[in-house]
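The values are calculated or read from the model by the stated rules, or taken from the named source; none is laboratory data. Just so you know, these numbers come straight off a predicted model, no measurement behind them. No Cβ is skipped: glycine too gets one built from the backbone with ideal geometry, and neighbour counts run over all protein chains shown.
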Amino acid sequence: MIPLNTLLIVFLVLFGITTGLDLLLESLNRRHVKTHGHRVPQPFEGWLAPERQVESSRYTAETIRFSMLRTLSVKALFLIVLLSGILPDLAALLAPLPSLPAGLIFFAVLGLASTLFAACFDFYRCFVLEEKYGFNARTPQIWLTDLLKSILLTAVIGSGRLSFGSAQRLEKYLGVEPGAVTLLAIFNDPDHKVDVFIDRALWESDAFNFHPLVNTSTLLISRENLQRFIEATGHEVRIVDVPGQD
């Protein structure tokens, strides 16, 4: 257990305040969705069925509630790791090793633990929330394969942590909801905060299927046109070799 000091107490107070504000904003957003989400926006009247709008608002409200639970869990785990002394103990355990491999192992352990923790929430979101509203298009086998690939891709691109994007991050950086993630969403990233990585074997295909920012339809786009689109957004594609699972 890390002993308390003035700096740590100040950090904990600020951490608690920011966490409380995040949860308050999420709660207000959920309340607004539950109160007004059933109404079809005026520009979409006649185009969007009222029952579809109601279903969408229910899904959004449940997603927000799930996001709040995830936020609390992540914050709680962060405090446990920070205050328990696990990190110093891990560093001490690796101290006999040379600095480079010790550092690599240290961050690999953190990255793997973080990815597995995030995967638990993604599994629930995929096979409970999205399955309930008919948005889930993955099987447990595909989900597990994606998880293994994400762990391998973490090592390939040198990222300390690679996981499925949360609903908040998808909305903030790509302007889409879970279940409707698409490469075309980089159009909503004019500041180029999102890096684009594509598997080399996949990139050799002649054409690709994408959701047009919603998961109710699919577009078939040739590789040439896709490359023109990516270049037009100003993003740079990094082609990587992602190991496959036989």
Exercise. Name the residue, out of 195, 146, 206, that is out of contact with any His (no Cβ under 6 Å at 6 or more places or on another chain), modelled with pLDDT of 75 or more, more than 30 Å from residue 103 (Cβ to Cβ) and not assigned by TED's automatic domain parsing to the domain that holds residue 68.
Key: 206
Quiz item: Looking at this structure, is residue 175 modelled with pLDDT under 85, outside the structural domain of residue 60 (by TED's automatic domain parsing) and surrounded by fewer than 16 Cβ atoms within 10 Å (Cβ to Cβ)?
Solution: no
Quiz item: Cβ-Cβ below 8 Å, separation at least six or inter-chain, first residue in region 168-195 and over 19 Å from residue 227 (Cα atoms) and assigned to a helix (DSSP H, G or I), second among the hydroxyl-bearing types (Ser, Thr, Tyr) and modelled with pLDDT under 90: which pairs?
Solution: 168/67
Quiz prompt | residue 153 vs. criteria more than 21 Å from residue 228 (Cα to Cα), modelled with pLDDT under 75 and not basic (Lys, Arg) | solution = yes
Exercise. Read through the list (1) more than 29 Å from residue 2 (Cβ to Cβ); (2) assigned to a helix (DSSP H, G or I), then give the number of the only condition that residue 40 fails.
Key: (2)
Exercise. Return the total of residues in region 1-27 being of a type in the set (Phe, Trp, Tyr) and surrounded by 13 or more Cβ atoms within 10 Å (Cβ to Cβ).
Key: 1
Quiz prompt | Which listed residue, of 167, 201, 185, is among the aliphatic types (A, V, I, L, M) and either modelled with pLDDT of 85 or more or touching a Phe, Trp or Tyr at 6+ places or on another chain (Cβ under 7 Å) (or both) | solution = 185
Exercise. Look at region 167-187 and say how many of its residues are closer than 23 Å to residue 239 by Cβ and out of contact with any Lys or Arg (no Cβ under 9 Å at 6 or more places or on another chain).
Key: 8
Quiz item: Here is a list of conditions, (1) among the small types (Gly, Ala, Ser); (2) in the same structural domain as residue 132 (by TED's automatic domain parsing); (3) within 25 Å of residue 128 (Cα to Cα), and residue 56 meets all of them except one; can you say which number that is?
Solution: (2)
Self-check item: Matching residues, region 102-142, being touching an Asp or Glu at 6+ places or on another chain (Cβ under 7 Å) and in contact (Cβ under 8 Å) with a residue 60 or more places away in the chain
Solution: 129, 133
Quiz prompt | Given (1) within 26 Å of the chain's Cα centre (by Cα); (2) farther than 30 Å from residue 131 by Cβ, number of the condition residue 77 does not satisfy | solution = (2)
Quiz item: Given (1) under 17 Å from the mean Cα position of the chain (by Cα); (2) part of a helix (DSSP H, G or I), where does residue 136 come up short, assuming only one miss?
Solution: (2)
Quiz item: Scanning for something β-branched (Val, Ile, Thr), part of a loop (DSSP other than H, G, I, E, B) and closer than 25 Å to residue 79 by Cα, does region 2-20 turn up at least one residue?
Solution: yes
Practice problem: Residue by residue through region 94-103, note down the ones that are loosely packed, with under 13 Cβ neighbours inside 10 Å and in a helix (DSSP H, G or I). | Solution: 99, 100, 101
Quiz prompt | Residue within region 67-83 that is of a type in the set (Gly, Ala, Ser), in contact with a helix residue (DSSP H, G or I) (Cβ under 6 Å, 6 or more places away or on another chain) and assigned to a helix (DSSP H, G or I) present | solution = yes
